[in-house]
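Trainee: One structure, pasted below without further comment.
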Amino acid sequence: MTDASTVSPLAIIVLAAGKGTRMKSDLHKVLHSIAGRPMLMHLMASAAALSPERQVVVAGHGREQLEKALAGSADIAVQDPQLGTGHAVQQAEAALAGFGGDVLILYGDVPFVRAETMRAMLERLHGADNPAVVVLGFEPEDTLQYGRVIAADGVVTRMVEHKDASEAERACRLCNSGLMAVRGTELFGLLARVGNDNAQGEYYLTDIVNVANADGRVCAVVTTDDADEVMGINSRGELAEAESRWQKKRRVQAMADGATLVAPETVWFAYDTQVGRDVTIEQNVVFGPGVTVADRVVIHAFSHVEGAALGEGVSIGPFARIRPGSVLEEGSRIGNFVEMKNTRLGKGAKANHLTYLGDADVGAAANIGAGTITCNYDGYFKHRTVIGERAFIGSNSSLIAPIKIGADAIVAAGSAVSRDVSDGELRLVRADQLVKPGWADRFHDAMKKKKAEKAKG
Ligand code: UD1
Ligand code: MG
């Protein structure tokens, strides 16, 4: 398929001024996340494949939230009050002043439209019959909440909202996804001629088709048979459904790429999780954003991984919690109930049981005993712990940062270490032992006797 964006420059307009009432949320509807990324950013990422020259997001409520999320990557046009989809698109006019390329109109709450579909719409816009508008149509199971596309052979004769439609029109199954492609040179002229004399008293974007038809222009419909792609997300229920569909596809992809998922339906990926070959992911594993998993890694059941790089042949869990800034080098191992944050675990190093490693650098082949804690926070600042290669940290040690443990050093079990340990040193920080042979036997004898006398009364 040729890249339509190379034919003509592209601008996208994303509508996101709707109130999103059904979400019942202080967070803007389009900023609710799916697979760890706001739905708006999923859409922007797909559109980015077409290299748009301009991007305008039309915002109403929660404009500050959108500004923050977009961080300057798109212009924001404000629509206040919200007088309909056509009126919303009109608000982008100033931002697109002087733009003569193609315009693709998208909905912020319809985040999973594929770049291929967007491309197909733009290609159709440059068809031989020179359509004024290209509409993306689909056939939903339930047509009730959609506008109808009355068309024959891909040519649209009328667009009508459900509320305005006749019985015969309502019987038509081809619905409007809402997405449209129009030339920048024509869009705002068409919109200026749209009125609001309809059931909802709104300026309908769909009416640009009717206006163009009245001029004798062709308007075309491109269809998608993947209804999921154009599914709008309006409520928490629909958000959860969209998440579930996304995860299902991602799991299938991970398996196709050579990972074993023992119970695929229990593994949750993030939008950017990268998984290598011959990786095994056991039951109930959750990935937050920013994880790369190299080949031959094993992630045991009930592990939670976020912002981490798992090197080749690494093994973690069960019940491992790997937090942002963690780098596990080749062949290193993290066992059960171990938490890691902002820590490098060197090649072949191990922390197999009940440990917290925060702001630490662990040398290759070091062994971190059960219950070791890096005390990295003093209530005000974070401090680093550096552990040398092959160092052995005995069980239940507290390493009070900032601190350095030398290569090949041994920290005796139960030590609370607050001063640096040099290479090859043994450090033992615990009280002298009091040894009293036979004391316990004598104690038990005395106490048993006492109890027996008391019972006799
Ligand atoms: C719209 C279409 C309908 C289509 C349906 C698909 C029109 C007139 N109708 O109907 O044909 O089948 O979408 O879901 O276009 N928005 C604004 N400002 C407004 C109104 C809406 O930005 O003043 C945004 C919303 O945030 C949303 C999108 O436009 O992202 C669609 O709005 P919505 O109210 O859901 O339109 P529908 O009535 O469902
Ligand atoms: Mg809607």
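The values are calculated or read from the model by the stated rules, or taken from the named source; none is laboratory data. Since the model is a prediction, treat every value here as computed from it, not as a measurement. Cβ placement follows ideal geometry from the backbone for every residue including glycine, while neighbour counts extend to all protein chains displayed.
Trainee: With the stretch 315-421 as the region, which strands (runs of 3 or more DSSP E) entirely inside it contain at least 3 residues that are more than 26 Å from G288 (Cα to Cα) and assigned by TED's automatic domain parsing to the domain that holds Q283?
Mentor: Strands (runs of 3 or more DSSP E) meeting the threshold: 398-400, 403-405.
Trainee: In addition: Anything in the stretch 29-60 that is farther than 23 Å from G101 by Cβ and within 16 Å of ligand 2 (Cβ to nearest atom)? List them, or say none.
Mentor: Once the filter is applied, which keeps residues that are farther than 23 Å from G101 by Cβ and within 16 Å of ligand 2 (Cβ to nearest atom), the stretch 29-60 yields K29, V30, H32, M39, G60.
Trainee: For the subset of the stretch 12-47 comprising residues that are modelled with pLDDT under 95 and crowded, with 20+ Cβ neighbours inside 10 Å, which member is farthest from the chain's Cα centre (by Cα)?
Mentor: G18
Trainee: Right, next: From the set of residues in the stretch 108-117 that are surrounded by fewer than 24 Cβ atoms within 10 Å (Cβ to Cβ) and of a type outside the set (V, I, T), which is nearest to ligand 1 (Cβ to nearest atom)?
Mentor: F112
Trainee: Taking the stretch 402-457 as the region of interest, how many residues are among the β-branched types (V, I, T) and more than 47 Å from the chain's Cα centre (by Cα)?
Mentor: Qualifying residue count for the region: 1.
Trainee: Also, quick follow-up: Looking at the stretch 220-251, which of the residues that are touching a helix residue (DSSP H, G or I) at 6+ places or on another chain (Cβ under 6 Å) and within 14 Å of ligand 1 (Cβ to nearest atom) is farthest from L125 (Cα to Cα)?
Mentor: Out of the qualifying residues, it is S235.
Trainee: Condition check: of a type in the set (A, V, I, L, M, F, W, C) and within 16 Å of ligand 2 (Cβ to nearest atom). Does V133 satisfy that?
Mentor: In short, no.
Trainee: Taking the stretch 167-202, which residues are in a helix (DSSP H, G or I) and over 38 Å from the mean Cα position of the chain (by Cα)?
Mentor: E167, A168, E169, G189, A192
Trainee: Kindly evaluate L205 against the criterion of being assigned by TED's automatic domain parsing to the domain that holds P111, more than 8 Å from ligand 1 (Cβ to nearest atom) and hydrophobic (A, V, I, L, M, F, W, C).
Mentor: No: the conditions fail for L205.
Trainee: Okay, next question. I'd like the full set of residues that are surrounded by fewer than 20 Cβ atoms within 10 Å (Cβ to Cβ) and either of a type in the set (A, V, I, L, M) or within 14 Å of ligand 2 (Cβ to nearest atom) (or both), limited to the stretch 137-150.
Mentor: P140, D142, T143, L144, Q145, I150
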